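The values are calculated or read from the model by the stated rules, or taken from the named source; none is laboratory data. Quantities reported herein were computed from a predicted structural model and do not represent experimental measurements. Every residue, glycine among them, receives a Cβ derived from its backbone with ideal geometry; neighbour counts consider all protein chains shown. Areas reflect the complete protein model, heavy atoms only, side chains present, ligands, DNA and RNA absent. Shrake-Rupley method; radii C 1.70, N 1.55, O 1.52, S 1.80 Å.
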Amino acid sequence: MDNGFFKNIEKKTGVNMKDIFDLANSLQNANFKDEKTVRNVIKRVSQLANKPVSKDLEDQIVKTIVNDGKSLDLNTINKMLNKK
């Protein structure tokens with residue numbers, strides 16, 4: 001991909017693309033049935049996005065992924081956030 005494309009994304013989001021790629025690589029073989037792994041992913045994404053996640057929301061996301069066996073997509077996240 002074009003380096004300018006990534007620079008534009010970095011400018012708009014404030015997130016370093018290297019950090020995004022590192023996160024994506026770490027998720028490729030992650031065990032999303034493991035609660036500790038899911039909590040670590042949530043914390044890492046929260047830090048990258050500079051958006052705090054409350055303990056209640058973290059618990060809800062973990063339950064959705066680990067216990068309910070659902071995949072976490074943007075619609076699921078949106079529904080969780082809109083309940084607050």
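Residue by residue, here is whether (1) open to solvent by 100 Å² or more (accessible area, probe 1.4 Å); (2) at pLDDT 90 or above holds:
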| site | (1), (2) |
| --- | --- |
| Asp2 | yes, no |
| Asn16 | no, no |
| Asp19 | no, no |
| Asp22 | no, no |
| Ser26 | no, no |
| Phe32 | no, no |
| Val41 | no, no |
| Asp59 | no, yes |
| Ser71 | no, no |
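Does Phe6 fit the bill of being closer than 25 Å to Thr64 by Cα and surrounded by 13 or more Cβ atoms within 10 Å (Cβ to Cβ)?
no
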